[in-house]
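One structure is given below, encoded as structure tokens.
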Amino acid sequence: MQYSLILLFNYMKTNLRTIVAALLVLVCGLSMSAKRAEKTDNVRIDPPFWWAGMKNASVQLLVNAPQIRDAEPSLSYPGISIDSVVRLDSPNYQIIYLNVSRATAPGKMDIVFKTGKKSMTVKYELKQRDGVLPTAFSSEDILYLIMPDRFADGDTTNNVAADLKFNDPVDRTNPSGRHGGDLKGIEQHLGYIDSLGMTAIWLNPVLENDMPGGSYHGYATTDYYRVDPRLGSNEEYASLIAKVHERGMKVVMDMIFNHSGSEHPWMKDMPSNDWYNHPDGKLMTNFRLSTINDPYASDYDYERSVKGWFVPSMPDLNQCNPHVMKYLIQNSIWWIEYSKIDGIRMDTYPYADMMPMAQWIKDVQLEYPGYNIVGECWYNDVAGTAFWQGGNRLNTKGNPELPTVMDFPTMIIANSAFHGDTKAGGKGLNDIYNRLSLDYLYADPQRVLTFLDNHDSDRFLLEMPTDLGVWKQAVAFLFTTRGIPQVYYGTELLMHGDKKRTDGDVRRDVPGGFPGDTRNEFTADGRSELQNEAYDFMSRLAQWRRGNDVIAHGALKHFMPENGMYVYERSLDGKRVLVIMNGTDSQLDIDMSRYGEIMQPGQAFTDVITGEEVTILPNMQFGPRALYILE
């Protein structure tokens, strides 16, 4: 019963404009008979359609049409009944909750809305599920993060979308403007991503951002059921994912439940007065997430953290409103079922309300057991990050249920840790050792997303390097430590940038992806010698990592760095991988007896990087920035 209701709600979404038009006709005095349904072009129902056979029988239909609130809905379809009708503050919204039996057959149904003696009929569809379930991303994968607007422009005809209110022209000279990248551009370079050895693609948000200034980054949603037409269509998004799957790769969708864009229609006509937190926009967040796990936090500070707006252009959705949360839950399930995304990355996770978001995860995993979701929990310290991972016994405020958290603490120290020289008084790789020594705070360290940089941070390389010693060690660590590695697009091309200059400096276009580019870095011929060395290094390691259970699931043992030398072992079922790094710019002479529990003199290993045999000696010399990955 609950499942059929969900399907009915989705079909009504796509036909909401149709219902509105019909109601307008009624207001004008035209009669609507049972035999003849009026056009309903002005009616919108979210979700636009649903599926038969879903596990959750409760389906919410958010109906938007002029003066729809007080209409009486009815339907007659085997296995479906109306559970309740919610009449919201706005006269132009109504919520219908359906009960949909698991045995309900797919098909189209008529929903009749009666207002006095007038009626309007809208069709809603329950589709047949295809039985294809997503494959959750895990520590077996390497995620490749792409900002679609800055990757490649494969279809210049969609650079302007006529049906949007705000259509800033493409201007690649403006670091904060739209540059024209799209889904087609990504599709055209799937071979490049595949050959690099990436196994999953995480796209920054692709949904409609009809906002002033372009909102090229995608984090100000104005339609939760529509891909931004400047990136492509819903159908093109699903097609891209299908092509990614054909290559044995996965796709992670970036979602934002904490806030919408300020130009979302809800902000012009709020369904209910509490649809948003502080709808007057007078309370901004304090960005102090410590107030959430702080046992002594004041109510005032907590309120500002969770219910304040993220920025003036991103109003804060109220997840404690059950109708809002149901809408968001169904939206994510709709995209999983429709497009077959293999995972979700949830933006600004702690800024939303914890327990409603925990229910969201439960509902998603009810339909798709084992489905992986990673939350952006931006803390400087491990304790704050670990607080949000599901099953953490240190969290006394409830179980967030979140399977995976983002390893910001490692990202924050990565640059200085790998660039630091202990001979010059820096801590160097000791910072990495100390950081990992706190992994006991996580419920599951293997389900931590580890990265060197992303679209919100400085690039790992602030400037173009002259050699790759530091860069190779950082990439090697990322690919061999515990957890799920994530690579930010362009890292393999030595893309560099400093966020202090502008956000656009860390979100550069890939040369060769756009019309008029004189250099194509997607090809070996278009890259410099140093770039090709970097690309080949990353590709070799990433391809070696594919299907490598020792790295994906093995235990980790590491030795405290001495004089800048960092050594660790990954092991599983008798198989081992050893990683040795000289994190200094000086040669090191090392007595190897310290590492006797994982390697003995006379033992021979193969270096994954060079393919050469390496025999362990009682004393060994390691050149500046030496790196070995031995198996």
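The values are calculated or read from the model by the stated rules, or taken from the named source; none is laboratory data. From a predicted model like this one, the values you see are computed outputs, not experimental measurements. In this analysis, Cβ positions are derived from the backbone assuming ideal geometry, glycine residues included, and neighbour counts consider all displayed protein chains. Heavy atoms of the whole protein, side chains included, go into the accessibility calculation; ligands, DNA and RNA do not. Shrake-Rupley method; radii C 1.70, N 1.55, O 1.52, S 1.80 Å.
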Leaving ligands and nucleic acids out of the surface, order Cys320, Cys377 by accessible area at 1.4 Å, largest first. Cys320, Cys377
Hey, what's the per residue convex hull volume over the C-alpha atoms of the stretch 227-266, in cubic angstrom? 83 Å³
Take the Cα atoms of the stretch 475-582, find their three principal axes, and give me the spread along each one in whole Å, biggest first. 53, 31, 24
Provide the gained length on full extension for the span Gln600 to Ser571, in nm with one decimal, where the gain is 0.36 nm per separating residue minus the Cα-Cα distance. 8.8 nm
A 24 angstrom limit on the alpha carbon distance is what I want to check against. Which of Lys55/Lys127; Lys243/Lys362; Lys165/Lys500 exceed it? Lys243/Lys362; Lys165/Lys500
In the full protein assembly as shown, how much of Asp274 is accessible to a 1.4 Å probe, in Å² to the nearest 10? 80 Å²
With the convex hull built on the alpha-carbon atoms of the stretch 333-420, volume per residue in Å³ sits at 111 Å³
How high is the FRET efficiency between Asp591 and Asp549 when r is their beta carbon distance and R₀ equals 30 Å, given to the nearest 0.05? 0.40
Cα-based radius of gyration of the stretch 187-277 once divided by 2.2 N^0.38 Å, which approximates compact folds: 1.28
When the helices in the chain are scored as -39500 (n - 2.57) per DSSP H run of 4 or longer and the sum is shared across all residues, what 222 nm value do you end up with, to the nearest 500 deg cm²/dmol? -7000 deg cm²/dmol
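Report the FRET efficiency, 1/(1 + (r/R0)^6), for Ser76 and Tyr296, where r is their Cβ-Cβ distance and R0 is 60 Å, rounded to 0.05.
0.55
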Any chance you could give the angle, 0 to 90 degrees and rounded to 10, that helix 234-246 forms with the longest Cα principal axis of the chain? 40 degrees
For the chain, find the longest principal axis of its Cα atoms and tell me its angle to the long axis of helix 408-419, 0 to 90°, nearest 10. 30 degrees
Round to a whole number: what % of the accessible area of the stretch 203-244 belongs to carbon and sulfur, probe 1.4 Å? 56 percent
Coil-residue trypsin sites (Lys or Arg not before Pro) of the stretch 480-510, DSSP, other Cβ within 10 Å capped at 10: Lys500
Considering only DSSP beta bridges where both residues belong to the chain, give the percentage that are antiparallel (nearest 5). 65 percent
Where does each of Ser305, Ser101 land when they are ordered by accessible area, with a 1.4 Å probe and the largest first? Ser101, Ser305
For His419, His323, write out the residues from largest to smallest accessible area, computed with a 1.4 angstrom probe and no ligands counted. His419, His323
How would you classify the chain from its alpha-carbon gyration tensor, with a ≥ b ≥ c the square roots of the eigenvalues: rounded for a/c under 1.5, else prolate if a/b is greater than b/c, otherwise oblate? prolate
For the stretch 107-179 and the stretch 456-535, what is the separation of their Cα centres, given in Å? 29 Å
Tally Lys and Arg at +1 and Asp and Glu at -1 over the other residues with C-beta under 11 Å from the C-beta of Pro212: what net charge comes out? -2
Trypsin sites (Lys or Arg not before Pro) restricted to DSSP loop in the stretch 375-445 with at most 15 other C-beta within 10 Å: Arg393, Lys397
With Cα atoms, 0 to 90° folded angle of helix 354-367 axis to the chain main axis: 90 degrees
For Asp83, which sequence-distant residues (separation of 5 or more, or a different chain) have an amide H within less than 5 Å of its own amide H, given hydrogens modelled in the peptide plane? Tyr97, Leu98, Asn99
Accessible area in square angstrom per residue, the chain, 1.4 angstrom probe: 37 Å²
